[in-house]
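Readers should treat all values here as calculations from the given coordinates under stated rules, not as data from a laboratory. As the structure is a computational prediction, the values presented were derived from the model and not from experiment. Ideal geometry is used to build each Cβ from the backbone, glycine not excepted, and the neighbour counts take in all protein chains shown.
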Amino acid sequence: MEVVRLDTLEPRGWPRPAVTVGNFDGVHRGHQALVAQAVADARAVGGTAAVLTFDPHPSRVLAPERAPATLLTMSQKAERLSALGVDRMAVLPFTPSLAAQPAAEFAQRVLHDCLQAATVVVGAGFRFGRGRAGDVALLRGLGRGLGFRVHAMRPVFHQDAPISSTRVREALARGDVEGAREMMGRPFFVDGTVVRGLARGRTLGIPTANVAPVNETLPGNGVYACWLRVGDRDRPLWPAVANVGRRPTFGGTETTVEAHVLDLDADMYDQPARLVFAVRLRPEQAFPGPEALVAQIRRDIERARDTLRVAGIPDGI
C-alpha cells in the first residue's frame, strides 16, 4: 500500500478510485466495514481502493482541549489498512483553512479534482465541511453533479450500541482489553522501544523489558497476559506478563510499561517492541514488600501461561 500526503491537491491519476473517508482511529470493525465496501467497489471495476484520512485528528484543530488520545499512530493505521486490502492511504493535512472549507468545495477540490473518486463510501452519520454542515444527502447530491456514487454504510453494533473509537478508548481505560478486541476485531497493541530501567525486576529474579511506548493510549493500570515481539515483524511473539502502572510497591509516580517474557531471557535493549494485550489479570496494587510482590507475580505468570495457551498466538499482528 502507498501512503500519499496531500500537501497539494493536484489530480492523482489513480484508476477509478473507490474512496472511503474518515479518521479511522483504531481501524475498528465499523471502519473495516467501510474499507471492505471500498475494496469491493474498486475490485469490481479494476479500480483503486483508497482511504482518505486526516492528520492531525480534526479535534486537535477544532477543540484541542477536548481532543482524545489516539488509538493508533499513523504508521500503525497504515499497517492495519494495508492488511485490509487498501491500495492508497491519502493523508490530508487538517488545518483551520480546511475546517472552514464549505462542504461543496471539499467535495469538488478533494474528492473530485484531486482524488477523482468514482465511488465514495462513508458512514450513515458522516458529516463534512464547515461547521459539519454537509451530510450524506448533500454528498449524494454533489456526487451526482461531480460524477461519483455514494455508499452510506450502517454502523456496526457491539452490545446493542454502535462501535466507535470512543467506545474502544473507554473499554481500554477500564482495562477491558477483551471488550476492546471484540470491537476492533483484533487485539489491542502498543509499539515502542525497550529501554533501560532500574533493573529492579532482575534483582527480584523476574527480569522485565521496559517498553517506552509511542502510542498515546494505554490500557488502564493493571497486570495483563500479553504477547511480546522484540525486533522486526518476522520475529516471533513470546508469552509475557505486563504491568501498566506506577509500581506503587516502590513508590512510583510515573506510568510505565514493563513486560516479563515467560520463555525468553535475552538482551532486548534499544530494540523495537510490540506488546499485544490478551487479558487483564488483575488491577495494579501495592504490596507490603518485595517478597509479597514476587509471590503474586509468580501467580500471575502461571495464570498468564494458562490463559495464553488457551487463547493462542494472534494472527496478523
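Dipole magnitude for the chain: computed about the Cα centre from +1 point charges on Lys and Arg Cβ and -1 point charges on Asp and Glu Cβ, it is near 620 debye.
Restricting the calculation to alpha carbons of region 70-145 gives Rg and Dmax of 13.7, 37 angstrom. Give the angle, between 0 and 90 degrees and rounded to the nearest 10, that separates the Cα long axis of helix 136-146 from the longest principal axis of the Cα atoms of the chain. That works out to roughly 50 degrees.
Any idea what angle helix 290-311 forms with the longest principal axis of the chain, computed on alpha-carbon atoms, 0 to 90 degrees, nearest 10? That works out to roughly 50 degrees.
Every Cα-Cα pair in region 36-179 was counted, and those over 26 Å apart are 29% of them. Two numbers describe the Cα atoms of region 120-174: Rg and Dmax, which are 14.5, 47 Å.
Is region 146-269 rounded, prolate or oblate when judged by the Cα gyration tensor, a ≥ b ≥ c being the square roots of its eigenvalues, rounded requiring a/c under 1.5 and prolate requiring a/b larger than b/c?
Numbers: a/c = 2.65, a/b = 1.95, b/c = 1.36.
Prolate, because a/c is 1.5 or more and a/b exceeds b/c.
Pair-distance distribution P(r) for region 1-104, from all Cα-Cα distances in 10 Å bins starting at 0: 15, 46, 33, 6, 0 percent. Once backbone amide H atoms are built at 1.01 Å from N, F54 has L92 as its partners under 5 Å, excluding neighbours fewer than 5 places away on the same chain. Over all pairs of different C-alpha atoms, region 205-317 has a mean inverse distance whose reciprocal, the Kirkwood radius, equals 14.4 Å.
As a ratio to 2.2 N^0.38 Å, the alpha-carbon radius of gyration for the chain is 1.13. With the helix formula -39500 (n - 2.57) applied to DSSP H stretches of n ≥ 4, the chain reaches a computed 222 nm mean residue ellipticity of -8500 deg cm²/dmol.
Centre-to-centre separation between the Cα atoms of region 262-317 and those of region 43-114: 36 Å.
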